[in-house]
């Protein structure tokens, strides 16, 4: 009976520790493809920029995002964005994924405006 209580207490403590790790693992603000290439796969990132182009990519849309004024574009895979975002300013919360041997950002949340 006592072993069950200790197991329960340790389980609750473990869940709490995992929750703390999840909450305090911050997002990195990135502004170039070079910065994305330096990050590990599954790292959270935040991008802010102007959508310069979009094309169909599998079941989703690949957005070409201009983050800086230097003309460099960052490609972001977005499953539920739809078309018609060209020319809009967006803020994207996403994760770094490896797609066909290149690191890309997969959008989790897109805020237009």
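Coordinate-derived values only; no laboratory data. Just so it is clear, the structure is predicted and the values come from calculations on it, not from any experiment. Cβ placement follows ideal geometry from the backbone for every residue including glycine, while neighbour counts extend to all protein chains displayed.
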* Scan of region 8-61 for residues that are part of a helix (DSSP H, G or I), under 25 Å from residue 85 (Cβ atoms) and out of contact with any strand residue (DSSP E or B) (no Cβ under 7 Å at 6 or more places or on another chain), ordered by number -> 34, 35
* Structure fact -> Checked pairs for region 68-87, first under 22 Å from residue 35 (Cβ atoms), second exposed (fewer than 11 other Cβ atoms within 10 Å of the Cβ), C-beta under 9 Å and 6 or more apart or across chains, list as 72/34; 77/58
* One residue from 39, 73, 47 being surrounded by 15 or more Cβ atoms within 10 Å (Cβ to Cβ) and over 19 Å from residue 110 (Cβ atoms) -> 39
